[in-house]
Each structure stands twice: as structure tokens, then as C-alpha cells.
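Note sheet for the following structure.
The values are calculated or read from the model by the stated rules, or taken from the named source; none is laboratory data. Computed from a predicted model, the values in this text were never measured in an experiment. Using ideal geometry, Cβ is built from the backbone for each residue, glycine included, and neighbour counts are taken over all protein chains shown. For accessibility, only protein heavy atoms count, side chains too; no ligands or nucleic acids. Shrake-Rupley method; radii C 1.70, N 1.55, O 1.52, S 1.80 Å.
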Amino acid sequence: MASSNTSAFNLSKPVKQLIIFGGLILAILIIVIVAFTTVNGTRDEGISKSNSLEAQYVDNQNELSSYILTFNETLGIADRQSQKLNDILLEAVKGRYDGDLEMGGEMFTVISEAYPDLTSTAETYSKVQDAVIDGRDAYKNKQSKLIDMVRDYEDWLEKGLFKSQLVEFLGFPDDYLEVETASGTLTGEEALDQIKSLVLADEARDAYETGTMEPLISPTD
């Protein structure tokens, strides 16, 4: 009887070992699948966010370029004469002359010094005011969207104890975030800094030299 019980016990031991081994294999497989899914999902999310941020940055550039081009066409300013006005308009649409657009104000003084003909009559300057106000409103909406997207992207980079480490391990912001400037192509952290520079509405920038925007017009001498 004892011999029979021992035999039964010995026969069940390999089965138990097989079950344990199978359980370990299954656990490892589940861990691998979960890890792969997490890494792949995080990478795809990062690429999607990078592409969306890049697209919005380009859209904002186009808004500025279109604004300036339309303004110059409306007032009949030739490309070769437009450089100074372009700089003034960029500062105006970004808010430098906020609340100071009337005749006699700072923007009026700056424009009249560079282009006396544009401020010779109230009617002509009224066109300047309307164009700046319309351009500022359109640009402000796009800037607000870009600001929200930058904030969301930076939250995604930094939030979550494990996720933030994974994001850093994957190298974000990486080469998927890419912007074109007058001085060349920027990627990764440099590209993010460049995108953030476009939303600094309180700082006047020489956009055509720094690459803050890609001009649709090319002033000539």
C-alpha cells in the first residue's frame, strides 16, 4: 500500500514541474506582450503628438506669411519696399502695439516714419488698423491652439513616474519633431524650443533672419 502511494507521488512530480514551467512561460509571455504594447503605444503616441505639433507650427507660420502678403497687396506695397513694414506688422500682430493702434499712437508713428504715404490720410491708415486687427485676431486663435498643444506635449513628456522614464528612454522629443527655419532644419529639443519661440507674443523678433516664420515674400534690394 505504501509502495503504491509513493509511486503515485513520484508520477505527479513531473506533472507539477511541467505546470510550474508552463506557468512561468505564460507569465513571461504576458510580461513581454504588455511591455511591447506599452512601449509601442507610447512611441506611436509620441510620433503622433510630434507630427501634430509640427503641423500646427507650420500652420501658424503660414498664417503670419499670408497676413503680411495680403496686407502688402491691399496697400500696394512692392516686395522690395516691404521689409520694414513686415517687421512692424509682425510686432503689431504679436501684440507689441496692443491698445495703441489709433492715429498718433506708437504704431502710427513707426509706420509714418518708414512709409509716410500710408499715414497721409485717415482713410489710408484706417486700412492699416483694420488689417492689423483682423490679422491679430486670426493669429491669436492659432497661437492659442499652439500654446495648448505645446503644453500638452510637455505634460506628456514629464508626467507619470514610469511613463516619463519610458518617454525619455525612447528619446522624445526626437527627430520626429522637425521644423524648417531660414538657417536649416531643427529636430528634437531644438525644434521644440523653436516652436515655443513662435508663441512669445510679447517679444519682437526679426522673423526673416531667425526663421521664426518662412516668408512667402522675398524682399529684394
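Which of the peptides 133-139, 153-159 is most tightly packed, and how do the rest follow, judged by the mean count of other Cβ atoms within 10 Å per residue?
133-139, 153-159
When you count, for each residue, the other Cβ atoms within 10 Å and take the mean per peptide, how do 58-67, 28-37 rank with the highest first?
Going from most to least packed, we get 58-67, 28-37.
Let me check I've understood the local charge: for D155, count other residues with C-beta under 13 angstrom from its C-beta, Lys and Arg +1, Asp and Glu -1. What total comes out?
Taking every other residue near D155 into account, the sum is -1.
If I model a spin label as a point 7 Å beyond the Cα along the Cα-Cβ vector, how far apart are those points for T124 and T70 in nm?
2.3 nm
Could you please put S164, S52 in sequence from largest to smallest accessible area, using a 1.4 Å probe?
Details: S164 20, S52 55 Å².
Result of the area sort, largest leading: S52, S164.
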